[in-house]
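Reading through the structure tokens given below for one structure.
Coordinate-derived values only; no laboratory data. Quick caveat: nothing in here was measured; it's all calculated off a predicted structure. Positions of Cβ are backbone-derived with ideal geometry, glycine not excepted, and every protein chain shown enters the neighbour counts.
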Amino acid sequence: MSAYVSGAWLEERLGDSRLRVLESAVEKATYDGGHIPGALWVDPHIDVLRNHDESAGLVLTPEQYAALMRRLGVSPDDTVVWYGDRHSAHAMRGFWMMSYYRHPGGVHVLEGGRERWAKDGRPLTAAAAEPAPAAYAPPRETDTSIRASWEDVRDAVGAADAMILDCRAADEYAGTNERARRSGHIPGAAHLEWTEATAGDNGTKSELELRAMYEAAGVAPERRVITHCQLGLRAAHSWFVLKHVLGYDAQLYDGSWAEWGNRDDSPIER
């Protein structure tokens with residue numbers, strides 16, 4: 001089944017006891033003003049980051065992840081659908097996290113996010129959703145093929161079979177927007193801001209446009225591509241598009257610049 005699910009697919013299944021819908025929008029006020037019936041709120045800067053703030057982009061520990069799933073009423077055999085606004089980048093980070101921890105029941109992203117859902121006249125409610133009790137043990141296995149560590153990124157610098165894609169804004173890449181102790185970019189990293197893949201309110205460019213754009217930046221089927229930004233949130237969108245829309249071998253560097261730029265041993269260019 002595709003990583004994306006349509007609004008029609010989701011609406012037909014609302015109320016299914018084995019379905020969990022999670023919203024990760026930019027602001028909680030957006031969720032409070034109206035959300036998909038039964039959807040629960042997941043804060044993209046507190047709930048899915050290890051330090052529960054913007055000091056680090058690292059994925060939750062297995063224990064933290066299991067605690068979050070229990071709090072959200074997610075059982076291992078539940079199907080989970082993530083959605084949000086701003087091109088669902090935060091929702092895609094949630095999707096990546098659950099994919100990394102190999103959620104058994106299946107995890108998806110709502111195509112078009114809340115913007116298309118609302119535009120299509122599908123139901124929204126301001127009523128508070130109550131999560132069902134759930135048991136979720138800390139996972140013992142991870143999908144290491146979709147995550148890059150600091151060491152993986154270091155080893156990819158200058159490698160013929162890998163490339164690093166910096167998805168931050170141009171001033172962050174240039175080092176003039178300093179968001180860590182050291183600024184600049186990873187040596188040899190290509191730059192393509194994550195929004196370059198987007199189109200409309202909450203969509204992406206056509207596959208033909210996307211492939212041409214990424215290949216012009218150096219992405220190729222025979223090369224592993226590692227995406228990063230500041231916290232691994234914006235870069236999750238690029239990772240999702242590269243892997244699940246275009247089918248490239250892609251990894252997310254969740255430590256991202258919050259880790260790279262704050263280490264003394266990280267090579268940096270400006």
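Could you calculate the contour length gain from Ala216 to Arg270, that is, 0.36 nm times the residue separation minus the distance between their Cα atoms, to one decimal place in nm? Intermediate values should be presented prior to the final figure.
On the way: separation 54, 0.36 × 54 = 19.44 nm, distance 2.17 nm.
Between Ala216 and Arg270, full extension yields an extra 17.3 nm.
Which distance in Å, rounded to a whole number, links the C-alpha centroids of region 112-189 and region 29-88?
13
Starting from the Cα gyration tensor of the chain, multiply each eigenvalue by 5, take the square root, and state the resulting semi-axes largest first in whole Å. Intermediate results must be reported in sequence, preceding the final value.
Working: eigenvalues 187, 82, 59 Å².
Computed over the chain, the values are 31, 20, 17 Å.
Antiparallel DSSP bridges in region 144-260: what percent, to the nearest 5? Let's see the in-between values first.
On the way: 2 of 13 bridges.
Antiparallel: roughly 15 percent of the beta bridges in region 144-260.
Compute the FRET efficiency between Ser206 and Ala174 as 1/(1 + (r/R0)^6), taking r as their Cβ-Cβ distance and R0 = 35 Å, and round to the nearest 0.05.
Details: r = 30 Å, r/R0 = 0.84.
Given R0 = 35 Å and the Cβ-Cβ separation, E is 0.75.
Can you run phi through the Karplus equation (6.51, -1.76, 1.60; θ = phi - 60°) for region 216-222 and list ³J(HN,Hα) in whole Hz, with x for Gly and Pro?
3J(HN,Hα) across region 216-222, in whole Hz: 5, 7, x, 5, 8, x, 8.
Taking only Cα atoms and a 10 Å spring cutoff, compute GNM fluctuations for the chain and point out the largest among Ala66, Ala56, Ala132.
Ala132
Does a label point 7 Å from the Cα of Thr30, set along Cα-to-beta-carbon, have any residues of region 71-106 with amide nitrogen under 20 Å, and which are they?
Of the residues in region 71-106, 81-98 have backbone N under 20 Å from the label point off Thr30.
As an exercise, identify the GluC sites (Glu not before Pro) in region 121-186 lying in DSSP coil whose Cβ has no more than 12 other Cβ atoms within 10 Å.
On the way: sites: Glu141, Glu151, Glu172, Glu178; in loops: Glu141, Glu178.
Of the GluC sites (Glu not before Pro), the ones in loops of region 121-186 whose Cβ has at most 12 other Cβ atoms within 10 Å are Glu141, Glu178.
Place a point 7 Å from the Cα of Arg18 along the Cα-to-Cβ direction; which residues of region 94-108 have their backbone N under 12 Å from it?
105-106, by backbone N distance to the label point.
For Ala127 and Glu151 in the same chain, what is the full-extension length gain: residue separation times 0.36 nm, less their Cα-Cα distance, in nm? Intermediate values should be presented prior to the final figure.
Details: separation 24, 0.36 × 24 = 8.64 nm, distance 4.54 nm.
Extending this stretch completely gives an extra 4.1 nm.
Could you bin all the Cα-Cα distances of region 177-242 into 10 Å bins starting at 0 and give me the percent of pairs in each, rounded to whole numbers?
Answer for region 177-242: a P(r) of 18, 52, 25, 5 percent.
Let me understand region 4-119 better: what is its radius of gyration from the alpha carbons, and its Dmax, in angstrom?
Both quantities, over Cα of region 4-119: 13.2, 40 Å.
Report, to two decimal places, the Cα Rg of region 144-260 normalised by 2.2 N^0.38 Å (N = number of residues). Don't skip to the answer; put the middle values down first.
Numbers: Rg = 13.1 Å, N = 117, 2.2 N^0.38 = 13.4 Å.
Here the answer is 0.98, to two decimals.
Beta carbons within 10 angstrom, averaged per residue: use that to sort the peptides 119-131, 99-111, highest first.
Numbers: 119-131: 12.0, 99-111: 19.6.
Descending mean neighbour count gives 99-111, 119-131.
Using the Karplus equation 6.51 cos²θ - 1.76 cosθ + 1.60 (θ = phi - 60°), what ³J(HN,Hα) coupling, rounded to whole Hz, does each residue of region 107-120 give in order, writing x for Gly and Pro?
Karplus values, whole Hz, x for Gly and Pro: 9, 9, 10, 6, 5, x, x, 5, 4, 5, 4, 5, 4, 7.
With axes computed from alpha carbons, what is the tilt in degrees of helix 62-71 against the longest principal axis of the chain, rounded to the nearest 10 within 0 to 90?
30
Measure off 7 Å from each Cα along the Cα-to-Cβ vector at Ser2 and Thr144, then give the distance between these two points in nanometres to one decimal.
Label at Ser2, label at Thr144, 3.3 nm between them.
Can you list the residues, at least 5 places off or on another chain, whose amide H is less than 5 Å from the amide H of Trp82, using H built in the peptide plane?
Close amide H contacts, sequence-distant or interchain: Leu22, His108, Val109, Leu110.
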